[in-house]
1. Scan the range 85-103 for residues that are loosely packed, with under 15 Cβ neighbours inside 10 Å and at pLDDT below 95 and jot them down.
2. Under the condition of being at pLDDT below 95 and either in contact with a Lys or Arg (Cβ under 9 Å, 6 or more places away or on another chain) or of a type in the set (Lys, Arg) (or both), which residue from the range 59-74 is surrounded by the fewest Cβ atoms within 10 Å (Cβ to Cβ)?
3. Enumerate the pairs (first residue in the range 81-98 and at positive phi; second residue anywhere and among the β-branched types (Val, Ile, Thr)) with beta-carbon separation below 7 Å, excluding pairs fewer than 6 apart on the same chain, so at least 6 apart or on different chains.
4. Quick one: what pairs do we get from the range 13-41, first residue at pLDDT 95 or above, second surrounded by fewer than 16 Cβ atoms within 10 Å (Cβ to Cβ) and assigned to a strand (DSSP E or B), C-beta under 6 Å, 6+ apart or different chains?
5. What about Ile136, is it free of Cβ contacts under 8 Å to residues at least 12 places away in the same chain, outside any helix (DSSP H, G or I) and either out of contact with any Asp or Glu (no Cβ under 7 Å at 6 or more places or on another chain) or surrounded by fewer than 19 Cβ atoms within 10 Å (Cβ to Cβ) (or both)?
6. Could you please let me know if Asn33 is over 17 Å from Val91 (Cβ atoms) and of a type outside the set (Phe, Trp, Tyr)?
Amino acid sequence: MIVNFNNLGDSLLKQKIVEIFNIAQKETNTKNNISVNVTIVGKEKIKQLNNEFRKVNKVTDVLSFPLLEIFELHDGEMLDENICTDVGDIVICKSRAIEQAKEYGHSVQREICFLALHGLLHVLGYDHIKREDEVIMLNLQNKILKKAQVER
């Protein structure tokens, strides 16, 4: 998996996110030849995107913009093995991540890793609208973070 970063200068945090995404790729049986974009923005930009795409006029912590349907990610015939396919975008609000890190009592790096993973799982087709799907997604997030040694 190729991870493209925008507005994230912390090389150690980038490395950790790539590690988490690689674990997630294995845990979700997602094809190797994919790329995803992770962009860090401020409150105004995320509010604008949230309003434009979800019709929710407020600041949020993370938004995901999948480019493929879930069956396209896991069906070997849908992705060309010789071409890297962009599967979507993840947009994280740094200010919101800082606030939530304080609120939950852990580091900003841990919060950004969590939000990036949460966004990736949405891009890969996971959701938490229904309670049973929320349990699946939460358990998967916890398993991946534990494997990556991202502690609370």
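The values are calculated or read from the model by the stated rules, or taken from the named source; none is laboratory data. Just so we're clear, the structure is a prediction, and the values are computed from it rather than from any experiment. We place every Cβ from the backbone using ideal geometry, glycine too, and count neighbours over all the protein chains shown.
1. Asp86 - this is the single residue of the range 85-103 that is loosely packed, with under 15 Cβ neighbours inside 10 Å and at pLDDT below 95.
2. Step by step, filter the range 59-74, then rank; the result is His74.
3. Once the first residue is at positive phi and sits in the range 81-98, its partners that are among the β-branched types (Val, Ile, Thr) give Gly88/Val36; Gly88/Val123.
4. Final answer for the pair search is Asn37/Asn4; Thr39/Asn6.
5. Considered against the rule, which asks whether it is free of Cβ contacts under 8 Å to residues at least 12 places away in the same chain, outside any helix (DSSP H, G or I) and either out of contact with any Asp or Glu (no Cβ under 7 Å at 6 or more places or on another chain) or surrounded by fewer than 19 Cβ atoms within 10 Å (Cβ to Cβ) (or both), Ile136 comes out as no.
6. So Asn33 passes the test.
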